[in-house]
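Step one of this worksheet: look at the structure below.
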Amino acid sequence: MAPPPAGLLSLNTATTRGRWGLAQAIEGCARRGIRGISPWRDLLHAMGVANAARAIRAHDLTVTGLCRGGMFPARDARTRKANIADNLRAIEEAHALGAQCLVLVVGGLPAGSKDIAGARAQVKEGIAAILPQARAAGVPLAIEPLHPMYAADRACVNTLAQALDLCEALEPRKPGATGAKPCALGVAVDVYHVWWDPQLEAGIRRAGKRRLLAYHICDWLVPTTDLLLDRGMMGDGVIDLKRIRSWMTRAGYRGFHEVEIFSAANWWKRDPDEVLATCKARHRWMS
């Protein structure tokens with residue numbers, strides 16, 4: 001399979017979090033010829049939404065996603081309402097940036113709960129509550145299924161099939177719809193979370209180009225010393241990135257490839273310019 005076009009590379013700001021704020025990441029992407037960027041909201045708030053939007057436009061970058069919305073489940077109605085309000089603010093921020101989607105990490109079990117079915121019901125209710133505003137703002141919502149190890153605390157949606165079931169329940173596709181416009185509700189495929197799933201190829205095919213809203217790449221290290229903060233650079237682990245990209249391409253995905261690497265003991269300690277140069281090289285030959 002031919003290497004991916006260099007112009008499809010995007011930087012998720014988690015990758016340079018250890019050393020750079022958002023302003024530095026924007027300038028670094030422009031300096032290194034990386035055309036996409038995906039900010040995390042804490043870095044966005046530190047810079048200011050208006051300032052970030054101006055800088056991103058000035059450097060002619062595409063915002064491939066905003067991380068993150070979600071975290072819907074809670075023990076009480078008041079907290080659930082506050083979570084909805086925060087997601088509505090996230091939609092406004094994504095709109096201000098011209099983001100291609102708002103990524104949803106949906107949340108896990110409420111404190112003290114063992115009811116994962118109830119948590120998933122709250123996720124469905126939460127997405128239903130914010131979907132009308134997202135649709136009105138032109139901000140697609142991308143549900144990101146997380147590895148099952150995060151089911152309790154970060155995301156009780158753990159497979160692409162589960163995420164797509166939610167999409168179909170909340171925004172059924174019209175029979176025969178084949179337009180190029182993305183759905184208002186779709187999925188973010190993060191290889192770190194889904195590479196192990198024997199139904200991944202079928203899920204990507206089922207999603208198709210209209211529900212495939214984002215594609216995140218990194219690698220799974222063996223051994224992994226920290227399940228949250230020890231992701232690998234593409235090519236350093238066991239994920240068959242070329243195979244997964246081929247599935248995405250066959251399904252019609254033509255969007256950016258967003259590098260998202262949480263790496264407290266390695267990549268976060270390095271010079272971010274070195275990190276970006278490595279991302280570019282590995283994206284071309286390993287992805």
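The values are calculated or read from the model by the stated rules, or taken from the named source; none is laboratory data. Just so it is clear, the structure is predicted and the values come from calculations on it, not from any experiment. Neighbour counts run over all protein chains shown; Cβ positions are idealised from the backbone, glycine included.
Quick look at the values:
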| read-out | value |
| --- | --- |
| Among (1) modelled with pLDDT under 95; (2) surrounded by 13 or more Cβ atoms within 10 Å (Cβ to Cβ), the one test that Pro5 misses | (2) |
| Number of positions in region 96-126 that are over 17 Å from Val157 (Cα atoms) and crowded, with 19+ Cβ neighbours inside 10 Å | 4 |
| Lone qualifier among Gly255, Gly203, Gly237 - being of a type outside the set (Asp, Glu), surrounded by 18 or more Cβ atoms within 10 Å (Cβ to Cβ) and more than 30 Å from Leu170 (Cβ to Cβ) | Gly237 |
| Failed condition for Arg231, given (1) over 20 Å from Ala90 (Cα atoms); (2) surrounded by fewer than 20 Cβ atoms within 10 Å (Cβ to Cβ); (3) under 16 Å from the mean Cα position of the chain (by Cα) | (2) |
| Subset tally (residues that are of a type in the set (Ser, Thr, Tyr), touching a strand residue (DSSP E or B) at 6+ places or on another chain (Cβ under 7 Å) and touching a residue at least 60 places away in the same chain (Cβ under 8 Å)) for region 1-58 | 3 |
| Residue list for region 262-287, restricted to those being part of a helix (DSSP H, G or I) and either farther than 18 Å from His216 by Cβ or β-branched (Val, Ile, Thr) (or both) | Lys269, Pro272, Asp273, Glu274, Val275, Ala277, Thr278, Ala281, Trp285 |
| Any hit, region 246-257, residues being among the aromatic types (Phe, Trp, Tyr) and under 17 Å from Cys101 (Cα atoms) | yes |
| When residues of region 41-92 are limited to those that are assigned to a helix (DSSP H, G or I) and polar (S, T, N, Q), the one surrounded by the most Cβ atoms within 10 Å (Cβ to Cβ) | Asn87 |
| Unmet criterion (only one of (1) surrounded by fewer than 17 Cβ atoms within 10 Å (Cβ to Cβ); (2) over 27 Å from Gly36 (Cβ atoms); (3) not β-branched (Val, Ile, Thr)) for Gln133 | (2) |
| Qualifying positions in region 93-141 - more than 11 Å from Phe72 (Cα to Cα) and part of a loop (DSSP other than H, G, I, E, B) | Gly98, Ala99, Gln100, Cys101, Ala111, Gly112, Ser113, Lys114, Asp115, Gly138, Val139, Pro140 |
